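See below for the structure under consideration.
Where a number appears in this text, it was derived from the coordinates with a stated rule and is not lab data. Remember, it's a predicted structure, so these values are computed and weren't measured experimentally. So basically every Cβ, Gly included, is an ideal-geometry build from the backbone, and we count neighbours across all protein chains shown.
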C-alpha cells in the first residue's frame with residue numbers, strides 16, 4: 001500500500017497528489033489525554049504526531065475509550081469535530097497485529113456516498129499503513145476489477161456504500177464472516193437516501209457478536225429502528241449542539257427580485273469572500289452557475305451526480321487545493337465536501353427543510369472557525385425561509401440586494417441589514433417588491449439559461465442546456481423551466 005500524508009483533521013477530504021505537497025498540519029486541541037494515553041498503537045501515535053496531531057478532539061476523547069473497551073457506540077458530533085478518527089482509531093487498535101483472510105475483511109465502514117467513502121479512506125489510510133493494515137474503498141461508479149482484486153488479496157478494512165458492497169457479497173467476492181467491527185457513518189443520511197433496507201440487510205449478514213458504532217445527526221425514524229435492532233446497550237455520546245447554535249456561524253438572507261438578481265447576488269458574494277461553497281437544487285443549475293462564475297473571473301467548479309467519479313474527484317481537488325475559489329454543488333454530492341477554511345456558504349436555491357439547511361451550512365464554521373451562511377431568495381419565499389430557519393434554530397439578518405453595501409464581505413453583512421422579522425409580518429428587507437426600477441428578472445417562471453462553450457463540452461460534465469453565448473449566461477430560446485428537490489443531512 002502506498003503511504004499517504006496524514007491530515008491534521010479528518011475534515012480535510014482531498015489530500016494533494018503527493019506527500020511532498022501536503023499542507024502542514026495544525027494541532028487545534030492541546031488539552032486532555034494524549035493518543036498514547038488513550039492506548040493507541042505506537043505506530044499510529046507516531047503517524048499522528050508527524051501530522052501535528054497529539055491530542056484528541058472532544059468527540060475523540062469521549063468515544064475512543066468506550067470503543068476501545070468493546071462497547072457499541074452511538075454518537076453525535078458537530079461538523080469538523082473529528083468523528084472519522086473517533087471511530088477509525090479504535091478499529092486500527094483492535095485489528096493491528098493480525099492479518100485478514102482473502103475476501104474476509106474484519107472491519108466495515110458503511111457510508112452514504114462515494115465522496116464520503118473517499119474522505120474516510122484519505123483520513124484513515126496513512127494510519128492503517130502505519131499499523132500494518134490494508135484498507136480499500138468499495139462504491140459504485142468505479143470498475144469492479146480493481147475492487148475484486150483488492151478483496152481477493154486480503155484487506156482488513158472496507159469502506160463502502162451499501163449497493164456496491166451488497167453486489168460484491170452476492171457475487172461471492174466479499175464475505176462477512178470475519179467482520180468484528182461495523183460502523184454506520186452518517187446513518188441519518190443513509191436513511192434519507194433510502195438505504196435503510198440495504199443497511200438492515202447488511203447488518204443481518206454480519207456476526208451478531210461484533211462491535212457496532214453508529215454516527216448520526218438525528219436519532220429518530222429509521223435511524224432509531226437501526227439502533228434498536230442492531231446495537232446492544234450502546235454508549236451514547238451527544239456532543240453535537242444544535243447546529244443552528246454554532247456561535248461562530250452567522251446567517252443571512254439576501255432578498256432579490258428574480259432569477260437574474262440571484263446570479264448577481266451570488267457573484268458579488270463569492271467575489272468578496274476567499275473560499276465559498278454554493279448550493280443549487282439541480283445538477284444542471286450547478287454546472288451553469290459554476291460556468292457563470294468562471295466567466296465572471298471567479299474560478300469555479302461544479303460537483304454533482306452527472307459527473308464521472310474521476311471528474312468529481314478532480315474538481316473537488318481543484319477546490320481544496322485552492323486552484324478554484326468556488327465549488328457549486330448539489331445536496332447529495334456535498335457529502336464529499338470536507339475542506340477546511342471555507343468562509344462562506346451560499347444557498348443559491350433554498351433547501352427544502354431545516355435538516356438540509358443545517359447540513360449545507362455546516363460546510364463552514366468547522367472546528368471552531370468562523371463562517372457566514374447566506375440564503376438568496378425572492379420576496380415571495382421570504383416567509384417560507386423564515387419558518388425554515390426558525391425550525392432549524394437559526395437567527396438571521398435580512399438584506400435587500402439593492403441597498404447592501406459592497407463588497408459583500410462577512411464583516412459588511414454582519415454590520416448591515418436588519419434582524420429577521422416573524423413569518424407573515426412582511427417586514428423583511430426587500431420583502432415588498434417595489435413598483436419602480438431596481439429589480440430585474442420578474443418572471444414568475446424561471447427561463448432556461450445556459451453557459452456557452454466550446455464544442456464537445458467541458459470538465460464540468462453534461463447537463464448544461466445549449467444556448468447562444470452572451471457574456472457568460474445566455475437565455476435559451478426554449479421556454480422550459482427547471483425544478484427539483486434537494487435533501488441532505490449532516491457530515492463530519
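Structure notes:
- Considering only alpha-carbon pairs that sit under 8 angstrom and 6 or more positions apart, the relative contact order computed for the stretch 130-289 is 15 percent.
- Here the residues 301, 339, ranked from fewest to most Cβ neighbours within 10 Å of their Cβ, fall in the order 339, 301.
- Listed from fewest to most Cβ neighbours within 10 Å, the set 269, 307, 38 follows the order 38, 307, 269.
- Highest-first arrangement of 289-299, 108-118, 226-236, 349-359, where packing means the average Cβ count within 10 Å: 108-118, 349-359, 289-299, 226-236
- Here the simple spin-label model places points 7 Å from the Cα toward Cβ, and for residue 220 and residue 391 these points are separated by 1.0 nm.
- Distance between the modelled labels on residue 204 and residue 419, one decimal in nanometres: 5.4 nm (7 Å Cα→Cβ projection).
- Extension gain for residue 229-residue 381 works out to 50.6 nm (0.36 nm per residue, less the C-alpha to C-alpha distance).
- Estimated FRET transfer efficiency (residue 274, residue 153; beta-carbon r; R0 25 Å; 0.05): 0.05
- Rounded to 5, the percent of DSSP beta bridges in the stretch 19-239 classed as antiparallel: 5 percent
- Extension gain, residue 46 back to residue 402 (0.36 nm per residue minus Cα-Cα distance, nm): 122.6 nm
- Neighbour-count order for 218, 84, fewest beta carbons within 10 angstrom listed first: 218, 84
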